Amino acid sequence: MVREEEKGIPVRVALRCRPLVPKETSEGCQTCLSFVPGEPQVVVGNEKSFTYDYVFDPSVEQEEVFNTAVAPLIRGIFKGYNATVLAYGQTGSGKTYSMGSTYTANQEHDPSVGVIPRVIKLLFKEKEQKQDWEFILKVSYLEIYNEDILDLLCSSRERSSQINIREDPKEGIKIVGLTERSVSSEQDTVSCLEQGNNSRTVASTAMNSQSSRSHAIFTICIDQKKKNDKNSGFHSKLHLVDLAGSERQKKTKAEGDRLKEGININKGLLSLGNVISALGDENKKGGFVPYRDSKLTRLLQDSLGGNSHTLMIACVSPADSNLEETLNTLRYADRARKIKNKPIVNLDPQAAELCRLRQQLQELQVLLLQAHGGTLPVSINSMAPSENLQSLMEKNQSLMEENQKLSRGLSEAAGQTAQMLERIILTEQENEKINAKLEQLQQHAVCKLDLQKLVETVEDEELKENVKVICDLQQVLAQLQSENAGAMEAAAEVESSEQDAAAEAEMGHDTKRSSDDFSTHHALRQAQMSKELLELNKVLALKEALAKKMSQNDSHLEPIQSQYQTNIKDLELEVSSLQKEKEELVLALHMTKKDVNQAKLSERRRKRLQELEGQISDLKKKLNEQSKLLKLKESTERTVSKLNQEIREMKTQRVQLMRQMKEDAEKFRQWKQQKDKEVIQLKERDRKRQYELLKLERDFQKQANVLRRKTEEAAAANKRLKDALQKQREAADKRKESQNRGMEGVAARVKSWLANEVEVLVSTEEARRHLADLLEDRKILAQELLQLEEQQKAGENPPLKLRRRTYSLADVQASEMDISMSKQIESLKTEMDLRSAQIADLQQKLLDADNGDRVKQRWDSIATILEAKCALKYLLGEV
Ligand code: ADP
Ligand code: MG
């Protein structure tokens, strides 16, 4: 074996941090690791930093890890070095992913392929290039489970029984009974890997459902000889180890068998750690290395002996919920490297400022949280405007209600008016008919008989009585007619007053404009139509009156007319007789001219003639006048008939209007019914939502109270820890001062120191508990947030399209609910942020309190037996 470089080859450590996995993000976990660009350094919390040979942040791909950290080892193999790659870390931190131990052949070109398949590929590539060398490659694959070795390449059931580890002074560690497969190609090797993987013991725990609870070691032995030089040759071994999860037992919630497993796994890991530190410790060079403590270390003895390139890939999760385990891994890896003096982090000024600010922000957030006693009120600064809005909304609502009431009343009134009008029209029609009948009766011959005369002339008693009855009837008829005229006038008055009322109603309506568009519209239309109707009625009444008057005039004129006509006839007759007389006279005159005696007579005749002529012309004038009067009468008759025509038209118009009004009212009634139904449905839905909201709020409040209590407790723990640390520091200073003083102080000093130490321990434990609580809280909060967000998304879709114009009450309340929902989401988010800040804060404190070498310091501070006695006395007293 080649041992010349024994001193120069340290164990190399690569830190690999995986990205946050979906489970962690869904629990609201934050990243608690930061990386220094260009430096192989990782910073935990704010200031605790670790330096390794390589540090791979979450963005680094498999290929880069392989090329930078693993590939050099493979090259060393061809020079005869043994090599080992160990993946260490808690379950779920990415060991298997990094090692690629679940590789199958069909993943060949996948970029996420891990170390083992890449190693195999590179080995065979290098081998190809060394044509003048002869290679013999052998593969074995085993698993250490519960401190038993299982051969993964052996198909038989009792794999573990025949396997023994023997130490051969010449060949080193030999595993008797382990299958070794000779392989000549990449495919051969990969199929061995696949076969082994299938036989691996995989059991699930609370941490990782596929967590491997065993250490898996894939070994490739390489014998190489130069073809023409039989004396030169190397024998090297390459171990690729996927260790079991390094987490502490309680975290996996394991019990029984699983717990036993855990203990055994940790036994291997613990002794591996011890071996690593023993090998790396400068002071213990050449001292005892405890290989035999576990099978794992025994098996790896060859490769950890110093002539091996050993790479430990320490895998960690960046989530703050895993901080404790991450810190353990970092310390373990640090021990493996054995770098005692921690390098100072040289951050550039900008980054340092950023870091400082971030820390300040965190502290402020914690302070804020404490000030509010654990929860933030849902909205601190939006209080005033929301109140304002509230009152406005209320006002708006009451106004809308009033408006609705009013328009309802209006439309009812309009409906009633319409009904009344209809009734009026009907009665009017009836009235007209009756009037017509009355008229007919009056025209009847009975009325024209002069009964009085008849009574006087008639002798028969019976007949007399009958005639008297008829006379009474005549009187009743006359009375009826006069009454009728009075009623007509009264009706006209009523109509006009009605019209006034309608006008008033409209006025009132105008001042209170409703937002309930449809019903208002309807009411307005009704009002408008009844107004039109009234107008029509008015005009109708006027026309009717006019027509009546005219026809009355006519009837007055009629007797005059007939009289005139007889007059005219008389006159004409007279005229013609006069004319005759005149002619006779003229003739006589002629005759008498011859007869002088008759001169006197003729004189008289001439005079008479003149007289007659004057009479004739008078009569002609009268005639003319009479015919003029007749013409006038004709024209009035025409106008009356025209008026009657108009009245008829108007009446039909009125009936149409009535019908329309009725239809409208019916339509409105239907619409309203439907609306009412909708409103009831909406109200029901609204009530349900309101209830849900209330429930949510109540739950929220309850949770908030619990959270507040927890926060207060955490804050108290935090403070206690801080105080304890402070005291401890002071005590340490004091101790240094009083170191040289006499014995008398010893007891008191030890006592106060121990009291302090206990206080620190207790408060650390308390803080840790609260930390766990906080992590749990945040998980719950994150889940709630997700739920709420989903609910909001689900609720958003429907209401927008439904009736944009009429903004109903339910809509307003629905949007209110949306607002409160998003408010809750907002507050949940802040809660989560605060929780994260608190977690970070507590973790920082714990980091400060838990300096890795505290235990050592503790024992260092008890230097004498006396001190030890005092300490024991105090402790027993405390117990
Ligand atoms: P372990 O073997 O340590 O228990 P795994 O290798 O099974 O953990 O990894 C746990 C989960 O994290 C797996 O789903 C894996 O895909 C994922 N993972 C681990 N490391 C990375 C990485 N560097 N990039 C992306 N995903 C990773
Ligand atoms: Mg694994």
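Every number in this text was worked out from the coordinates using simple rules, so none of it is lab data. If you're wondering where the values come from, they're calculated on a predicted model, not measured in any experiment. Positions of Cβ are backbone-derived with ideal geometry, glycine not excepted, and every protein chain shown enters the neighbour counts.
Rounded to the nearest whole Hz, the Karplus-based 3J(HN,Hα) values (6.51 cos²θ - 1.76 cosθ + 1.60, θ = phi - 60°) of region 399-411 follow the sequence 4, 4, 4, 4, 4, 4, 4, 4, 5, 4, x, 4, 5, with x at glycine and proline. Amide H contacts for Gly45 (H built 1.01 Å from N in the peptide plane; partners 5 or more residues away or on another chain; cut-off under 5 Å): Ser34. With 29 Å as the limit on Cα-Cα distance, the pairs of Lys453/Lys620; Lys538/Lys642; Lys95/Lys295; Lys607/Lys628; Lys548/Lys621 that go past it are Lys453/Lys620; Lys607/Lys628; Lys548/Lys621. The trypsin sites (Lys or Arg not before Pro) of region 1-99 that meet both conditions, a loop assignment by DSSP and at most 12 other Cβ atoms within 10 Å of the site Cβ, are Arg3, Lys79. Amide H contacts of Tyr88: Ile313, Ala314, Cys315, each under 5 Å away and 5 or more positions distant or on a separate chain (H built 1.01 Å from N in the peptide plane; Pro and chain starts excluded).
Here the Karplus relation 6.51 cos²θ - 1.76 cosθ + 1.60, evaluated at θ = phi - 60°, turns the backbone of region 661-668 into coupling constants of 4, 5, 4, 4, 4, 4, 4, 4 Hz, with x for every Gly and Pro. Summarising the label geometry, the points placed 7 Å from Cα in the beta-carbon direction at Gln615 and Lys719 lie 14.6 nm from one another.
By how many nm would the segment from Lys734 to Glu194 lengthen if fully extended, with 0.36 nm per residue of separation less the alpha-carbon distance?
188.0 nm
Under the rule a/c < 1.5 gives rounded, and otherwise a/b versus b/c splits prolate from oblate, where does region 76-115 land using the Cα gyration tensor? It comes out oblate by the Cα gyration axes.
Between Leu367 and Val706, the contour length at 0.36 nm per residue exceeds the Cα-Cα span by 120.2 nm.
Between Asp110 and Glu147, the contour length at 0.36 nm per residue exceeds the Cα-Cα span by 9.9 nm. Spin-label model, Asp773 to Thr31: label points 7 Å out along the Cα-to-beta-carbon direction sit 3.1 nm apart.
For region 125-141, 3J(HN,Hα) computed residue by residue from phi via the Karplus equation (6.51, -1.76, 1.60; θ = phi - 60°) reads 5, 4, 4, 4, 6, 9, 5, 8, 10, 10, 10, 10, 10, 10, 10, 9, 9 Hz, glycine and proline entered as x.
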